[in-house]
Amino acid sequence: MSGLAERTLAHLWLPCTPMAGRAPADLLEVVSAQGPYLRLADGREVIDAISSWWCKTLGHGHPRLRAALVAQAGKLEHVIAANATHETLAALTERLGRLVPGLPRVFYGGDGSMAVEIALKLALHASRLAGHPERRRFAALQGGYHGETQLCLAVGDQDLYGAGLLEELPRAHRLGPLPHVVGREDPLWGDCSAQWPAIERQLEAAAPTLCSVIVEPVLQGAGEMRLYSPDLLARLRRFCDAHGIYLVADEILTGFGRLGRMLACEHAGVRADLVCLSKGLTAGWLPMSAVLVSEPIFELCNGAGGREPFLHSNTYCGNALAAAVALEALRLYDELDIAAMARALEPELRAAWQRIGERTGALRSLRT
């Protein structure tokens, strides 16, 4: 067997892919990548339109990210983060600790699902230590997706990924229907007061047992790339404040400028208690995730006063190579003002999607 695709399919179980009947012709044989393009073995160039699962925020092969990786590899590739540190990790953590005012603490994971697991576990742990052991449930939005490990599946609403397992998991309360919008000009964008009472009633019924509400801010990725009113986020924030519930923002897809703000929560002017980051954190170069944590949660869970400390761990926590690339990516986001770039591209992209939708009939929700 000599073909690259044949060799691959002889052993590799492809992610999120039914393998029965999978043919070599289904695989792109990639020999290199640069910017938005993948160069294939047959000489073609194709656009990486899915941004390699929405993580290549700066495209492929950015020279400064490559240089940061190579420079770090010459010094230190990894060291246990439980009892050691280094300049790169300290600098990245300082930068992330300033990303959201009021969320100065950073807990590292390996990928997006792990970040969500960490955040949900922290919400459970903090609720118990705050004297509310009855708060063991989660609420999430209809159509949401937060990853495919156990707690992620429990709070998600994409049953396709948890077939045969979901009945074994504690399911989250599903909040909806959501006030979906098609853009900022939609009247619902700034005011979902007509839709809020139905969601508020669901929350009030569940509130005594809720430790957290988790959301993908403004944009639901796997849920058909649908936008909902930022006003819903603001209302959820006020409800959580009034009932002692933690708000978790899964910014794994939406973060780092994708929605025209550094974080999508900024559209609603709210700050979550826990923020999950990944994908664009390293601009898709290496697996890394981070959870930004409020000081009150840290104070509850750090082991002070004889309280039970939060002891989650992962081998590659704070990996030096990933940290170096993430730090350089954050510098580039600042220098480029990547959120402003996204805002500037919005009219052009919207017009292009409109043309595609009219020609193909394959797109929905393009107009109010």
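The values are calculated or read from the model by the stated rules, or taken from the named source; none is laboratory data. Predicted, not measured: the structure shown is a model, and the values here were computed from it. Reconstructed Cβ throughout: ideal geometry from the backbone, glycine too, with neighbour counts over all protein chains shown. Note: accessible area is taken over every heavy atom of the protein model, side chains too, but ligands, DNA and RNA are not part of it. Shrake-Rupley method; radii C 1.70, N 1.55, O 1.52, S 1.80 Å.
So Ala272 ticks every box in (1) within 16 Å of Asp337 (Cα to Cα); (2) open to solvent by less than 10 Å² (accessible area, probe 1.4 Å) but one. Which box is left unticked?
All conditions pass for Ala272, except number (1).
Tell me, yes or no, whether the range 337-349 has at least one residue that is surrounded by 13 or more Cβ atoms within 10 Å (Cβ to Cβ), modelled with pLDDT under 95 and closer than 30 Å to Asp186 by Cβ.
yes
Which numbered condition in (1) at pLDDT 95 or above; (2) closer than 27 Å to Ser289 by Cβ; (3) open to solvent by 70 Å² or more (accessible area, probe 1.4 Å) is the only one that Cys16 fails?
Status for Cys16: all satisfied but (1).
On the basis of being surrounded by fewer than 24 Cβ atoms within 10 Å (Cβ to Cβ) and either in contact with an Asp or Glu (Cβ under 6 Å, 6 or more places away or on another chain) or outside any loop (DSSP other than H, G, I, E, B) (or both), does Pro287 make the cut?
Taking the combined requirement at face value, the residue satisfies it.
If you scan the range 119-153, which residues turn out to be among the small types (Gly, Ala, Ser) and either in contact with a Phe, Trp or Tyr (Cβ under 6 Å, 6 or more places away or on another chain) or closer than 20 Å to Ile199 by Cβ (or both)?
Matches in the range 119-153: Ala123, Ala139, Ala140, Gly143, Gly144.
Condition check: within 15 Å of Gly190 (Cβ to Cβ) and charged (D, E, K, R). Does Asp231 satisfy that?
Taking the combined requirement at face value, the residue satisfies it.
State which residue is farthest from Leu58 (Cα to Cα) when the search covers only the range 350-368 and only residues that are among the β-branched types (Val, Ile, Thr) and either surrounded by 10 or more Cβ atoms within 10 Å (Cβ to Cβ) or touching a helix residue (DSSP H, G or I) at 6+ places or on another chain (Cβ under 9 Å) (or both).
Result: Thr368.
Provide a single number: the residues in the range 280-310 that are within 21 Å of Val116 (Cβ to Cβ) and among the basic types (Lys, Arg).
0
Please enumerate the residues belonging to the range 128-144 that are at negative phi and touching a strand residue (DSSP E or B) at 6+ places or on another chain (Cβ under 7 Å).
Listed by number, the residues that qualify are Arg135, Arg136, Arg137, Phe138, Ala139, Ala140, Leu141, Gln142, Gly144.
What is the one condition in (1) touching a Gly at 6+ places or on another chain (Cβ under 9 Å); (2) buried (at least 16 other Cβ atoms within 10 Å of the Cβ); (3) not in a helix (DSSP H, G or I) that Phe138 does not satisfy?
(1)
Would you say Ala324 is at pLDDT 95 or above, in contact with a Lys or Arg (Cβ under 8 Å, 6 or more places away or on another chain), in a helix (DSSP H, G or I) and within 17 Å of Ala283 (Cβ to Cβ)?
No; evaluated as a whole, the condition is false for this residue.
Quick check on my filter: what residues within the range 290-323 are aliphatic (A, V, I, L, M) and either farther than 20 Å from Ile80 by Cβ or open to solvent by less than 10 Å² (accessible area, probe 1.4 Å) (or both)?
Ala290, Val291, Leu292, Val293, Ile297, Leu300, Ala304, Ala320, Ala322, Ala323, listed by residue number.
Got a sec? Which of Ser365, Ser313 is assigned to a loop (DSSP other than H, G, I, E, B), closer than 17 Å to Ala119 by Cβ and hydroxyl-bearing (Ser, Thr, Tyr)?
After applying the criteria, what remains is Ser313.
Using the structure shown, decide if Val31 is part of a strand (DSSP E or B) and either among the aliphatic types (A, V, I, L, M) or open to solvent by 80 Å² or more (accessible area, probe 1.4 Å) (or both).
So Val31 fits the description; yes.
Please list, ordered by residue number, the helices (runs of 4 or more DSSP H) wholly in the range 45-126 having 1 or more residues that are closer than 28 Å to Leu151 by Cβ and open to solvent by 40 Å² or more (accessible area, probe 1.4 Å).
In the range 45-126, 51-54, 87-97 are the helices (runs of 4 or more DSSP H) which contain 1 or more residues that are closer than 28 Å to Leu151 by Cβ and open to solvent by 40 Å² or more (accessible area, probe 1.4 Å).
Which of the following residues is modelled with pLDDT of 95 or more and more than 29 Å from Gly284 (Cα to Cα): His146, His125?
So the residue among His146, His125 that is modelled with pLDDT of 95 or more and more than 29 Å from Gly284 (Cα to Cα) is His125.
Restricting to the range 228-261, give me the number of residues that are on the phi < 0 side of the Ramachandran plot, surrounded by fewer than 22 Cβ atoms within 10 Å (Cβ to Cβ) and touching a residue at least 60 places away in the same chain (Cβ under 8 Å).
1
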